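*Asks:* Below: one structure in structure tokens.
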Amino acid sequence: MAERLQRARASSDALQELVEELAERLQRSVVLDDPLVRFICSSRHFDDADPVRVRSLLQGLADSEIIRYVLDQGVAQWSKPGYIEGRDDLGLLARYCVPLRERGHLVGLLMVISADKSLTADETAAISKSARIIAAQMYAEHVADHAEESGARELPWALLNPSPAARGAAQQQILDTGVLPNAPHAVVSVVQVTRSHEPPGQVENALRGALESFCRTRWAHGAIAVTTDRAVLLQLSEQSPDPRELKEQSRRIIEALDTFLDPTATPVLGIGGRQTGLADAWVSYEQALVAARAARRMPHFERLGDWEELREFTVLLQLPDHALNASLLPKPLRTLLAAAGGHRLEETLRSFLEHAGSVPRTAEALRIHRTSLYYRLRQIQEITGLDLDSGPDRLVLHLGLRIRELLQPDGHATTV
């Protein structure tokens, strides 16, 4: 079954009335969605409902498959109305879609079900007239909401500011206003999106849409802050966050962004360390940035990095981009990689170091006889000129292998 995504903010009475008026005039079902194709409100139906509309009405939710299909039609970039083709396999009838824009902002999508795409010129004119009024109403409500919440939206950035004075002022404001609880545990997650082909504003919409439901969860209260390519989720809780819940939350955020954004966005998420209350939230933020960098560079993390699982990578990942390249690999390791059978010897060396130099455990992990392992280890020593019984020599090789994990196949690091 396709994943269901939460609905957009509840509709106002004014929007509901405008949608109902248009539906009555057309004698057709009308749906109002936000820019992420999440359900806002709908008219009563006129025996033209399809399974997609029924699910939206009953549950107020949208299937991720439906959202991605609609967005793949480019509706967020449409400059004029058009038809979205139906899809029998998705239970979707054709719809006439009007992108609702006000002052250059895409504020929503107005959908009129028309299975046979038979709208007349009078009907499309009526839709166009109503669309302008609905867009203006949505924009006015958006501005009012934004003005009401603007202070709260800026607080996370101030609380995570490098300046102790700025952080102290933000913390005092939070305590004075009660915007966030003074809870003993804090964790910050950072989401980053690479350049994508989305129109202006769509990435911010997607980031906010993916994160907003986590401002209040079963275990935490929080706040979000969003820029054009990054979002921060600050969460405070009475109990230390459960790592499994944090991972599940993060996976849901990534899945939502995969639905809302085109594939070029490739969002990654970093979870900071668990810190003590508001005062140390900035530490978790700095750690989350490093974890996001790990998620971008290291494929096995599957776009989700957690500071508390990075171990020695927490240091290596703070090397600047211009320095993090193949030149950092120790010469003995580069010599080993260039030698005949270098890949096999690299695998052997990695396993040997990961098993703390234990021959029995390394041989078992590699599924080779100990005699074969001893032979390979002698080869490694001869090629590198290093002694595997020497702690410093082993550290040089181990750090070299760790740095190699952060490099792309061409020997260069990926910029976040």
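*Asks:* Of everything in segment 75-103, what is farther than 17 Å from Asp34 by Cβ and of a type in the set (Gly, Ala, Ser)? Give them in sequence order.
*Replies:* Within segment 75-103, Ser79, Gly82, Gly86, Gly91, Ala94 meet the criteria.
*Asks:* Can you pull out the residues in segment 363-409 that are in a helix (DSSP H, G or I), closer than 21 Å to His300 by Cβ and open to solvent by less than 50 Å² (accessible area, probe 1.4 Å)? Walk me through how you get there before you give the answer.
*Replies:* Residues of segment 363-409 in a helix (DSSP H, G or I): 363-366, 370-384, 391-405.
Filter again for closer than 21 Å to His300 by Cβ, leaving 365-366, 397-405.
Hits for segment 363-409 are Leu366, Leu397, His398, Gly400, Leu401, Arg402, Ile403.
*Asks:* Of all residues in segment 312-333 being closer than 15 Å to Gly400 by Cα and without any contact (Cβ under 8 Å) to a residue 24 or more places away in the chain, which is most open to solvent (accessible area, probe 1.4 Å)?
*Replies:* Lys331
*Asks:* For Arg230, all conditions in the list (1) modelled with pLDDT of 95 or more; (2) surrounded by 15 or more Cβ atoms within 10 Å (Cβ to Cβ); (3) not acidic (Asp, Glu) hold save one; what is the number of the exception?
*Replies:* Result: Arg230 fails condition (1) only.
*Asks:* Test of understanding: among Ala231, Ala223, Ala210, Ala206, which residue is within 13 Å of the chain's Cα centre (by Cα) and touching a residue at least 60 places away in the same chain (Cβ under 8 Å)?
*Replies:* Answer to the selection: Ala206.
*Asks:* Among the residues of segment 198-215, is there at least one that is touching a Leu at 6+ places or on another chain (Cβ under 7 Å), open to solvent by 10 Å² or more (accessible area, probe 1.4 Å), within 20 Å of Lys247 (Cα to Cα) and modelled with pLDDT of 90 or more?
*Replies:* Yes.
*Asks:* What are the residue pairs meeting all of these: first residue in segment 270-299, first residue in contact (Cβ under 8 Å) with a residue 60 or more places away in the chain and more than 25 Å from Glu238 (Cα to Cα), second residue part of a helix (DSSP H, G or I) and open to solvent by 10 Å² or more (accessible area, probe 1.4 Å), Cβ atoms under 9 Å, and 6 or more apart or on different chains?
*Replies:* Arg297/Glu405; Met298/Phe313; Met298/Glu405
*Asks:* Is at least one residue of segment 237-247 among the aliphatic types (A, V, I, L, M), open to solvent by less than 40 Å² (accessible area, probe 1.4 Å) and more than 16 Å from Glu309 (Cα to Cα)?
*Replies:* Within segment 237-247, the first condition is being among the aliphatic types (A, V, I, L, M), and the residues that meet it are 246.
This time we only want the ones that are open to solvent by less than 40 Å² (accessible area, probe 1.4 Å), so: 246.
From the residues that got through so far, the ones that are more than 16 Å from Glu309 (Cα to Cα) too are none.
No, segment 237-247 has no match at all.
*Asks:* Scan Leu269, Leu278, Leu233 and give me the residue that is within 30 Å of Arg101 (Cβ to Cβ) and touching a helix residue (DSSP H, G or I) at 6+ places or on another chain (Cβ under 8 Å). Can you show your working first?
*Replies:* Numbers: Leu269 fails: within 30 Å of Arg101 (Cβ to Cβ); Leu278 fails: within 30 Å of Arg101 (Cβ to Cβ).
Leu233 is the lone residue from the list that is within 30 Å of Arg101 (Cβ to Cβ) and touching a helix residue (DSSP H, G or I) at 6+ places or on another chain (Cβ under 8 Å).
*Asks:* Return the residues of segment 134-157 that are modelled with pLDDT under 65 and among the polar types (S, T, N, Q); say none if nothing qualifies.
*Replies:* Ser150 - this is the single residue of segment 134-157 that is modelled with pLDDT under 65 and among the polar types (S, T, N, Q).
*Asks:* Would you tally the residues in segment 70-94 being touching a residue at least 60 places away in the same chain (Cβ under 8 Å) and part of a strand (DSSP E or B)?
*Replies:* Counting residues in segment 70-94 that are touching a residue at least 60 places away in the same chain (Cβ under 8 Å) and part of a strand (DSSP E or B) gives 0.
*Asks:* Scan segment 9-27 residue by residue and report those that are closer than 24 Å to Ala115 by Cβ and open to solvent by less than 40 Å² (accessible area, probe 1.4 Å).
*Replies:* Leu18, Val19, Leu22, Ala23, Leu26
*Asks:* Among the residues in segment 275-287, are any within 24 Å of Gln171 (Cα to Cα), hydroxyl-bearing (Ser, Thr, Tyr) and assigned to a strand (DSSP E or B)? Don't jump to the end; show me each part of the working.
*Replies:* Filtering segment 275-287 down to residues within 24 Å of Gln171 (Cα to Cα) leaves 275-287.
Filter once more, keeping what is hydroxyl-bearing (Ser, Thr, Tyr): 276, 284-285.
From the residues that got through so far, the ones that are assigned to a strand (DSSP E or B) too are 276.
Scanning segment 275-287 turns up at least one residue that is within 24 Å of Gln171 (Cα to Cα), hydroxyl-bearing (Ser, Thr, Tyr) and assigned to a strand (DSSP E or B).
*Asks:* Could you figure out which of (1) assigned to a loop (DSSP other than H, G, I, E, B); (2) under 30 Å from Ser79 (Cβ atoms) isn't true of Val203?
*Replies:* That leaves (1) as the condition not met.
Conditions (1) at pLDDT 90 or above; (2) more than 17 Å from the chain's Cα centre (by Cα); (3) of a type in the set (Val, Ile, Thr), marked per residue:
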site: Ser284; (1), (2), (3): yes, yes, no
site: Met298; (1), (2), (3): yes, no, no
site: Leu316; (1), (2), (3): yes, yes, no
site: Ala323; (1), (2), (3): no, yes, no
site: Ala339; (1), (2), (3): yes, yes, no
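*Asks:* Given the structure, is Ala256 under 26 Å from Asp33 (Cα atoms), in contact with a Phe, Trp or Tyr (Cβ under 6 Å, 6 or more places away or on another chain) and among the hydrophobic types (A, V, I, L, M, F, W, C)? Please lay out each step first, then the result.
*Replies:* Values: under 26 Å from Asp33 (Cα atoms): yes; in contact with a Phe, Trp or Tyr (Cβ under 6 Å, 6 or more places away or on another chain): no; among the hydrophobic types (A, V, I, L, M, F, W, C): yes.
For Ala256, the condition - under 26 Å from Asp33 (Cα atoms), in contact with a Phe, Trp or Tyr (Cβ under 6 Å, 6 or more places away or on another chain) and among the hydrophobic types (A, V, I, L, M, F, W, C) - is not met.
*Asks:* Based on this model, can you work out whether Ala265 counts as over 25 Å from Leu159 (Cα atoms) and open to solvent by less than 40 Å² (accessible area, probe 1.4 Å)? Steps first, please.
*Replies:* Details: over 25 Å from Leu159 (Cα atoms): yes; open to solvent by less than 40 Å² (accessible area, probe 1.4 Å): yes.
So Ala265 passes the test.
The values are calculated or read from the model by the stated rules, or taken from the named source; none is laboratory data. Owing to the predicted nature of the structure, the values given are computational and were not obtained by experimental measurement. We place every Cβ from the backbone using ideal geometry, glycine too, and count neighbours over all the protein chains shown. All accessible areas refer to the heavy atoms of the entire protein, side chains included, with ligands and DNA or RNA removed. Shrake-Rupley method; radii C 1.70, N 1.55, O 1.52, S 1.80 Å.
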